[in-house]
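**Q** After the structure tokens below, expect a handful of questions from me.
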Amino acid sequence: MTNKMAMEWITAIDKRPCERNMRDCELISCRLRRVEPLCRLPGSALQQLAMCGFYEDLEKGVTLFRAGEQGRYWYAVLGGQLEVRYHGAEAKDSKLSVTLCNLGVGATFGESILHDLPRDSTVVTKTTCELLRVEQEDFRLIFEKNKELMNDIISNCKLKNGFGQSMQTTSTIQSGINQQQQQPSPTKKQLSPDHPNPALPITEAPSPAMSRMGWALRTLLVSDNTSCLKDRKVGGKFIRKCAPGTELVDWLLNLSPIVHTRTQAAGMWQALVEEGVLSHVAKEQPFKDKCFLYRFKVDEDGTAGGAPSSDDVSQANDHIREALPGLLHRGPDATLRMILRKPSHERTHEELELVYEELLHIAALSHLSTSIKRELASIIVFEAHAHAGTVLFNQGDEGRSWYILLKGSVDVVIHGKGTVATLKEGDDFGKLALINDAPRYTVMSGTPQKMLEHLLETRLGGQAGPNDPFLDDFLLTHIVFMPTPILIDELASTYHADTEVDMRTASEEDQEYFMTCKRRVVQFIQRWVLAVRHAVFDDPLAVEFIEEIATDVEQEGVLQEEASIIHHVLTQLSRYQEDRQMNASQKWKLPPNGQPICLFSGNTHSKTVIRPDDDIIFRVYCADHTYCTLRFPMAATAEVIKACAADKLQLARMPEDLLLVEVKSNGERMVYKDNDVSIPTALSLNGRIFVSPKDHLDALTPLPEQELPTEALDMDFEALPTKDVAYHMTLFDWDLFWAVHEYELLYHTFGRHHFNKITSNLDVFIRRFNEIQYWVVTEIVSTSNLTKRMSLVKKFIKLAAFCKEYQNLNAFFAIVMGLSNMAVSRLSQTWDKLPSKFRKLFTEYEALIDPSRNHRAYRMSVGKLQPPVIPFMPLLLKDMTFAHEGNKTSLDGLVNFEKMHMMAQTMRTVRYCRSRHLVLDPPSPKNENEIRQYISCFRTIDNQRVLTAMSQKVEPRRS
């Protein structure tokens, strides 16, 4: 945060809540979003905290409250540390208090005000502290609206700081391979026998290879006087030769160029931890890239010996060069085993994603659906057995586990028959005993009507469980299996179930039933609008239905709460219709020189959505390259465009004998179906629309200018500040991304013609990705001077870095893929001249966009980000296509709802990425208008043959 932003935030938070304006609340919300775990709260909750929270800046030694006092406030720690103290029943003197724990940034406390309970401990500031204080009444309102998340935050805070329920337990636990009975640490959650401590080794003794690697790494660390391996005093205890995890990662990154990322380095250290060569000083943590201290086993047990000799250092260097690739290879597997040894509730989202990716490669699970594999990712655990002859279970035992063999072999022995089989790597066993306890899912398939009925009966009115996405899945995907007119008919039937009943003579039970039906339909409408927003308001049938329900609800005196809900929906509808009216008759233009459709009539207002009834002006060519200019709504079909173009171009053929075709710059032809819509926006960068008789299709050729660069603002990219370009690119791309509705992913996947809906906003966003990618290639191969070309490559790598920093991953991918294009990657003289720092950075970026293992590197990276994010859209579309083509939409006449769930998950990703507004610190205002114009329309050639020829011209092949 810049000094200016910091000052603005302080000014905003210093105001009394009643004096704050929307700008103040936004600034405070932005600050709260940077605090873990508050960042997990939805934007609405953060906004409420920003509106009602008081700021406290306290000195060291201030007592906030004492045990036994009645509470009035809830607190969140924004800076500094506090002590939580406990007084025994007989303790009258504060000197007899016991410090339970310290609270740091992100901790929350004081939730006893929810139940009007007295404080059970004393809280004192340990350092200068910054706190957010919320009054009891305000906190209750926020808590009730976000009960699940707030409960999770409060529970995790207690667990993390060791003053939750786990403090009360004194039972013993099994701890790892050594089977030692230990007392659980009061600050750690207990581990069950099924979840051994992931900080302990999985082997009784390290293998010779890992022992040798540990010796080599320690030798180099000890021989370096400036290294992080030092004697330290921790908690009053002297620890020899230990180092923080972060510094060990830094050291390993600098040791060898083959280690590119911190994740790789952490995995390599974890490989040493799991064999006991290295360990956390308190045996409580697996390896983490954090300030936890670790030391080598030889330093722990005192067998390290004296300082290494020069020969030792030389041997260690030689061994590192030979064996480090092997350790690098072991890192990912060691990380996976560490995750599998953690309790399910402690696995992070990115860790679950990594486990899921591994499960995709296990043959024993290949027959299972995606959602079941995702369920398994959260519950599957790792188990190591070091000794041959260990009995996993005996014949006749009750089945408790299903095993998949990752390494080694298992003999199956039956009484009286001996060994009947030997299972090897990849085999599984034990599942038959579990068959009656297999995971069950609430909705796997069903008829649309029965699913809606089940949903209304069980998922509204707070009945659904916290992890049950059925309602949201249904709302996001119903257009696939239950078009809106049918859905409305079913809802109307449910709402008016009392039509043929005389309510005056009906029993109280019947009356309550009919009122419940009405309530649930209203609640459904509320959730429907919340889930898909404007798509409901764009449908005249849906609008008519909502207005009809609103009229009826107002006449029912007992439906006061529902009247309030429907009134809120009508307010949203009214605002949307006003906005539509303001932007009515939008006109777009597809310029003849192939420029992208990005801005409406030169308008720079953000978030302009392309709508079906918007007009677009474009050209249609025929075989001799003559053309006509047409103006049609975006929703016009290919059949209509074809007939009009043929008439204007005087092609004397019947419409059924004509084709509407895109001719790409490389000569490839793509024929449109007659019922295709949003055709002009779906063109490739330098594509053109042609109309042709069917028998003349082969005569269509690209226009000469299709092989030339598209026209753009004549500016020198190298003269522009890189960060400024990235900033304006991100704002521009965000506006395009914001305009894409989640439904457009369904239209694109199933085919627009199935819904008669446009995908223009999605088309333009995909077009932007291609535009950036080919802009990078075009600029580089158009530069003949070697030094300038190298400088340009360096600038594009810096641009990718800034886009990544701004979380514009769509542009980041496009730039890196442009630099990886064959026409650029073959420029060996250019790359050889590039400084090694930038070559290494680009290697890291290439690893991040590596498509292997279903883009695992990218998925793990993006899983750690908080919104706003501009995601890599081609991968989301690939996920949608994979779910669609790999699963039938109906099974035996029933909707395959498992498929709908998979698609809804991807659509939710889009929703999550923009669940917070984009707020970036603006760079210097210098050349702002010029940069905006420049980034809105790049100069591009998208013909790979032309680009390769240009590349060979600037750097001919070496003989």
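**Q** How large is the helix-only mean residue ellipticity at 222 nm for the chain, computed as the sum of -39500 (n - 2.57) over DSSP H runs with n ≥ 4, divided by its residue count, in deg cm²/dmol to the nearest 500?
**A** Value at 222 nm, helices only: -14500 deg cm²/dmol.
**Q** A further question on this structure: Can you count the Lys pairs in region 1-156 whose Cα atoms are under 19 Å apart, with each pair 8 or more apart or on different chains?
**A** Close lysine pairs under the 19 Å cut-off: 4.
**Q** Treating cross-link reach as a plain straight distance, find the lysines whose alpha-carbon is under 16 Å from the alpha-carbon of Lys926, omitting any fewer than eight places away in the same chain.
**A** Lys926 reaches Lys723.
**Q** Please identify the DSSP H helices in the chain that span no less than 20 Å along the helix axis (Cα) and have a mean Kyte-Doolittle hydropathy of 0.0 or more.
**A** Values: long enough: 147-161 (21 Å, -0.60); 208-223 (22 Å, 0.55); 310-340 (41 Å, -0.36); 508-532 (36 Å, -0.32); 540-555 (23 Å, 0.27); 560-582 (33 Å, -0.98); 722-738 (24 Å, -0.06); 760-781 (31 Å, 0.27); 786-805 (29 Å, 0.24); 897-913 (24 Å, -0.41).
In the chain, the long hydrophobic H runs are 208-223, 540-555, 760-781, 786-805.
**Q** Accessible area of the chain with a 1.4 Å probe: how many percent of it is carbon plus sulfur?
**A** On the chain, the fraction of accessible area on carbon and sulfur atoms equals 51 percent.
**Q** Sort 745-756, 60-71 by packing, meaning the average of other beta carbons within 10 Å per residue, with the highest value first.
**A** Ranking, from highest mean packing down: 745-756, 60-71.
**Q** Taking H as built 1.01 Å from N, whose amide H comes closer than 5 Å to the amide H of Thr128, not counting residues under 5 places away?
**A** Those lying under 5 Å, H to H, from Thr128 are Lys60.
**Q** Counting alpha carbon pairs within less than 8 Å and at least 6 residues apart, what relative contact order, in whole percent, applies to region 208-341? Please list the in-between numbers first.
**A** Working: 178 pairs, mean separation 43.4, N = 134.
It rounds to 32 percent for region 208-341.
**Q** Of Lys798/Lys833; Lys642/Lys878; Lys288/Lys373; Lys788/Lys840; Lys373/Lys407, which sit over 23 Å apart, Cα to Cα?
**A** Result: Lys642/Lys878; Lys288/Lys373 exceed 23 Å.
**Q** Each label point is 7 Å from the Cα along the Cα-to-Cβ direction; what then is the distance between the points at Val381 and Glu322, in nm?
**A** Spacing of the two 7 Å Cα→Cβ label points: 4.0 nm.
**Q** Next question, about the same structure. Please calculate how many Å² of accessible area region 587-706 carries per residue, with a 1.4 Å probe and no DNA, RNA or ligand atoms counted.
**A** Details: 5400 Å² over 120 residues.
Using a 1.4 Å probe on heavy atoms only, each residue of region 587-706 averages 45 Å².
**Q** Let me ask another. Obtain the nm distance between the two label points defined at Arg653 and Asp921 by a simple spin-label model: each point lies 7 Å from its Cα along the Cα-to-C-beta direction.
**A** The two pseudo-label positions are separated by 6.1 nm.
**Q** Contour minus end-to-end for Ile617 and Ala205, with contour as 0.36 nm per residue of separation and end-to-end as the Cα-Cα distance?
**A** 140.9 nm
**Q** Amide H neighbours of Leu659 under 5 Å, counting only residues 5+ apart in sequence or on other chains, H built in-plane at 1.01 Å?
**A** Amide H to amide H, under 5 Å and 5 or more residues apart or across chains, Leu659 pairs with Ser692, Lys694.
**Q** Which peptide among 127-135, 663-671, 924-932 comes first, and what is the full order, when sorted by highest mean count of other Cβ atoms within 10 Å?
**A** Descending mean neighbour count gives 127-135, 663-671, 924-932.
**Q** Moving on to the next point. At a Förster distance of 22 Å, what's the computed FRET efficiency of Gln944 paired with Lys840, Cβ-Cβ distance as r, to 0.05?
**A** That pair, Gln944 with Lys840, gives E of 0.20.
**Q** Using a Förster distance of 22 Å, how high is the FRET efficiency between Cys39 and Gln136, based on the Cβ-Cβ distance and rounded to 0.05?
**A** Calculated value: 0.35.
**Q** Oh, and also: Please tell me which of these pairs span more than 31 angstrom C-alpha to C-alpha: Lys283/Lys837; Lys673/Lys804; Lys589/Lys648? Show your work: numbers first, answer last.
**A** Working: Lys283/Lys837 37 Å; Lys673/Lys804 39 Å; Lys589/Lys648 19 Å.
In this structure, Lys283/Lys837; Lys673/Lys804 exceed 31 Å between Cα atoms.
**Q** List the relative contact order of the chain as a percent without decimals, with contacts defined as Cα pairs under 8 Å and 6+ residues apart.
**A** So the answer I get is 8 percent.
**Q** Same structure again: Say the dipole of region 208-341 comes from +1 at the beta carbon of Lys and Arg and -1 at that of Asp and Glu; which of Gln285, Thr261, Leu324 then lies farthest toward its positive end?
**A** Gln285
**Q** If you average the C-alpha positions of region 653-673 and of region 260-310 separately, how far apart do those two centres end up, in angstrom?
**A** Between the Cα centres of region 653-673 and region 260-310 lies a distance of 64 Å.
**Q** Any idea what the dipole of the chain comes to, in debye rounded to 20, about its Cα centre with Lys/Arg Cβ at +1 and Asp/Glu Cβ at -1?
**A** Computed about the Cα centre, the dipole is about 3760 debye.
**Q** In the chain, if the dipole is taken from +1 on Lys/Arg beta carbons and -1 on Asp/Glu beta carbons about the Cα centre, which of Ile549, Val824, Pro851 is farthest to the positive end?
**A** So the residue we want is Val824.
**Q** Note down the nm distance, to one decimal, between modelled labels 7 Å out along Cα→Cβ at Ser310 and at Gln866.
**A** With each label point 7 Å from Cα toward Cβ, the separation is 5.3 nm.
**Q** Please list 890-898, 712-720, 682-690 highest first by mean number of surrounding beta-carbon atoms within 10 Å per residue.
**A** Averaged packing, sorted descending, gives the order 682-690, 890-898, 712-720.
**Q** On a full-extension model of 0.36 nm per residue, what is the gain between Leu786 and Leu405, subtracting their alpha-carbon distance, rounded to one decimal in nm?
**A** On the way: separation 381, 0.36 × 381 = 137.16 nm, distance 5.51 nm.
Length gained between Leu786 and Leu405: 131.6 nm.
**Q** So how do Asp116, Asp698, Asp299 rank on accessible area, 1.4 Å probe, biggest first, that is with the largest at the start?
**A** Putting Asp116, Asp698, Asp299 in descending order of accessible area: Asp698, Asp116, Asp299.
**Q** What FRET efficiency would be calculated for the residue pair Ser493, His753, taking the C-beta separation as r and a Förster radius of 25 Å, to the nearest 0.05? Could the numbers behind the result be given before it?
**A** Numbers: r = 30 Å, r/R0 = 1.18.
Rounded to the nearest 0.05, the efficiency is 0.25.
The values are calculated or read from the model by the stated rules, or taken from the named source; none is laboratory data. Note that this is a predicted model, so its numbers are computed, not measured. No Cβ is skipped: glycine too gets one built from the backbone with ideal geometry, and neighbour counts run over all protein chains shown. Areas reflect the complete protein model, heavy atoms only, side chains present, ligands, DNA and RNA absent. Shrake-Rupley method; radii C 1.70, N 1.55, O 1.52, S 1.80 Å.
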